[in-house]
1. If I filter region A:163-208 down to residues being aliphatic (A, V, I, L, M) and open to solvent by 20 Å² or more (accessible area, probe 1.4 Å), which single residue comes out as farthest from the ligand (Cβ to nearest atom)?
2. Among the candidates B:LEU209, B:LEU248, B:LEU215, single out the residue that is at negative phi, in contact (Cβ under 8 Å) with a residue 40 or more places away in the chain and open to solvent by 70 Å² or more (accessible area, probe 1.4 Å).
3. Within region B:187-210, count every residue that is assigned to a helix (DSSP H, G or I) and more than 9 Å from chain A (Cβ to nearest Cβ).
4. Do the conditions hold for B:TYR184, that is, is it assigned to a helix (DSSP H, G or I), more than 8 Å from every other protein chain (Cβ to nearest Cβ) and in contact (Cβ under 8 Å) with a residue 12 or more places away in the chain?
5. Could you please let me know if A:ASP336 is closer than 29 Å to A:ASP131 by Cα and without any contact (Cβ under 8 Å) to a residue 24 or more places away in the chain?
6. Quick check, is A:LEU124 more than 25 Å from the chain's Cα centre (by Cα), modelled with pLDDT of 95 or more, more than 16 Å from the ligand (Cβ to nearest atom) and open to solvent by 10 Å² or more (accessible area, probe 1.4 Å)?
7. Condition first: within 22 Å of the chain's Cα centre (by Cα) and either within 14 Å of chain B (Cβ to nearest Cβ) or within 9 Å of the ligand (Cβ to nearest atom) (or both). Now tell me which residues in region A:77-86 satisfy that.
8. Hey, which of the strands (runs of 3 or more DSSP E) in region A:87-189, taking only ones fully inside, have at least 1 residues that are within 14 Å of chain B (Cβ to nearest Cβ) and farther than 30 Å from A:GLU356 by Cα?
Amino acid sequence: MSYTIFRTFQFHPFLLYPTSILKPRNRFFFSTTTKATQTKVPTSTQSKKLDKIPKDYEAVIGIETHVQLSTLTKAFCSCPYSYGSFPNSSICPVCMGLPGALPVLNSKVIEFAVKLGLALKCNLAFNSKFDRKQYFYPDLPKGYQISQFDVPIAAAGFLDVDIPLEFGGGHKRFGITRVHMEEDAGKLMHAENGNFSRVDLNRAGVPLLEIVSEPDMRNGIEASEYAAELQRLVRYLGVSNGNMQEGSLRCDVNVSVRPIGQSKFGTKVEVKNLNSFASMSRAIDFEISRQVLLHSQGQEDQIVQETRLWEEGSQRTITMRKKEGLADYRYFPEPDLPSVILSQEYVDAIQNCLPELPEEKRRRYEKMGLGMQDVLFLANDKNIAEFFDATLAKGADAKLVANWIMSDIAAFMKNEKLTINNIKLTPEELSELIGSIKGGIISGKIGKEILFELLAKGGSVKELIEKKDLVQIADPVEIEKMVDKVIAENPKQVEQYRGGKTKLQGFFAGQVMKVSKGKANPGLLNKILLVKLNSKS
Amino acid sequence: MAYASSLDAIGCFGSSVADTGILLHAIAGHDRFDATSSKQEVPNFLSHFDSASSFESKPLKGLRVGLIRETIEDGVEAGVVSTIRAAASHFEELGCTVNEVSLPPFSLGLPAYYILALSESSSNLSRYDGIRSVADSPCILLSLRPNIHTTQHCFILCALFSLTNHFAWLGSISSISRYGNQVYAEELGSLYGDSRAKGLGSEVKMRILMGTYALSAGYYDAYYKRAQQVRTIIRNSFKEALDQYDILISPAAPSAAYKIGEKKNDPLAMYAGDIMTVNVNLAGLPALVLPCGFIENGTAGLPVGLQMIGAAFHEGELLRVGHIFEQTLENGRFVPPIVADSVE
Ligand SMILES: [Zn+2]
């Protein structure tokens, strides 16, 4: 824990030096500049804060998300970007803001924005433009950020979310106010002794999409599920890796509280430094209870427009900066770039190439008769969903495949710390395995053995069955012989059985199975066994 | 270096129309590092420069020339007006029809131009912020005034580490990434403010302040937005006029050149000197300016420039007309008397 605090302080010199020069009026660090280490928090801490929200208040939460696009090059120059590369190793006159250099738009940025806009069911602006958002800060080399102001490329959409059962379940639709394109700023690295700061412009000019939600969320879980769904969406679309730790997905949250029935919003507080969905949910719930407490004590005037910082270490939000009136960014249309014109054909082509989206996938799985828990498990991870679908495509039964993936395969991945992409089992073989069991070629028990072999070493089901002579014994004559053998070897138990202790049937079945080395068809075995046991009574 | 991006264009200068055409031909065309440059194919401008001896008697027969009425009215020096009228007569001798044409919004161009230009330049000049400019140490930045205060910050680019980079220009980044002065300050706002106060000249600072004001919340609609609307009106009025005329003509300036420093303390009078040319810039049209005579009784015979304005992408036509006009003008290849005097 102390390590966390240390790290937080190190990256936030404001806290160390309240009179520091780093008190920008117009903006602040991106939350990701703090690489606060993940802290496991006992759930007791969490619930302690959660249960104190009285019923007569309601929270209103809106989220601004910045998604870093995984284009090969930056938004307005041909520099590549890769997270963690050496400072200023990927910069050029354009992204350094040197005199005379002009921006030229990377067309992939438009494509990705349109993709996300369509996936969020937004209205697209067929004629939008870029604007300059102006402020001075050392990580902003041009003195302005190229962004979109009054005409965002996409607006008025929504995002559908299935809340997990453990948080109450239910289907929610959250409104999307707008999606716009902009460029990222660089990064400041503050010296430990506070004497100087260095500027790393690798990230400057990297394309972002800013997604602004409607204030539709009411608690931490809804907010973090919204953000998680957004992450899934950008991953499904392939527009971003959505990685929160690397800052590819950054959420700033606005929280306000009002008495139930009041239509006017309460004073909103911005919460930053949310590095995971879990911390997002906790931070919001903390902030809600803090505001509710002030409300219930008649001190709502203590809730002021400010930016608060989530402290992972102490699990609370603290004041980072009070708002000094509205910042004036002096927006005006970016004269260095032509307007962004979309044609219907272009949009249609992108629409037609959209992959199946998480929501569509969940509804499809639901229609197959899978329970919501299965649906979420399978659809939440794009790779698992692909594996599942590929297995189905080979003809396997959906419920059976879901069971195998969610039980043994999931357990194996968890134990071995593997993802579905690096297990040796292929969808083809899983389908073959399920088919072999269903078709009676092997027993379920043998099936499991084969599964673990396939997971760890790979290979084909057919080969393994042949090599290990695992084909199920489904010949009644052969099974009858084994049953006879077991009955003959256990006269005492037979007597007991016939004396009324019919529970012993299980014992006999086990013995026969053992004789068959697990290969006997269980249905046939039981049928024959019953006939034999009962016939001589 | 950008001044007013939506207005900036390269001006070609030459000792003759043909020279200017050669230069323009060399630089014209799409520049893939400038998203605002046109992708339209460039015609051969050089085919228009026939020698004067091959001209017919009326080489510009049928060319419709419009003399912009608003540019020869009150406020324009009489000597300038008479020289331009003489140029118009010369066009008639070459076979053109010359008529006066009115562009009512012409006078709105100057304020609109200055609002847009200053707004954009206030933004373009933001990058001269003192951040990319620091003392001697390549990567470690010293506390600027050692031993005084622990909260002093300064900012540098660690560009110097990028030696492994293989782009040709990167070799020189360490020098180009640092420009201007950084004033030592104890507080970020002062670092910016003092660096810019010290590093920028007074005319530049005045323009930045005016542009910043015009873009400020609450003033944007009244200034910047209206100026953009005026720009559209001007563009449309030029388009209308150029539907009726092949070229439009006007003086290049309302007066002959003023003396160096003469209007230093009267910036508005100085800016007013741009009234003839800014409209063309706002409308996004090509124009050619060439000397067409001298102010007779004026200050030692200063030259008067004639501005010829063509429709968008009609540079070739302008060069052809300009070349014929120049080659057929009496004393076509002239030396201004003021220069001639000093040469003697
Ligand atoms: Zn670059």
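The values are calculated or read from the model by the stated rules, or taken from the named source; none is laboratory data. What you see is a predicted model; the values in this text were computed from it and never measured. Reconstructed Cβ throughout: ideal geometry from the backbone, glycine too, with neighbour counts over all protein chains shown. The protein model used for the area step is the full one, side chains on, heavy atoms only, and it has no ligands, DNA or RNA in it. Shrake-Rupley method; radii C 1.70, N 1.55, O 1.52, S 1.80 Å.
1. In this case the residue turns out to be A:LEU165.
2. Criteria check complete, one pass: B:LEU209.
3. 16
4. The answer is no for B:TYR184.
5. no
6. yes
7. Result: A:SER82, single match.
8. A:131-134, A:144-147
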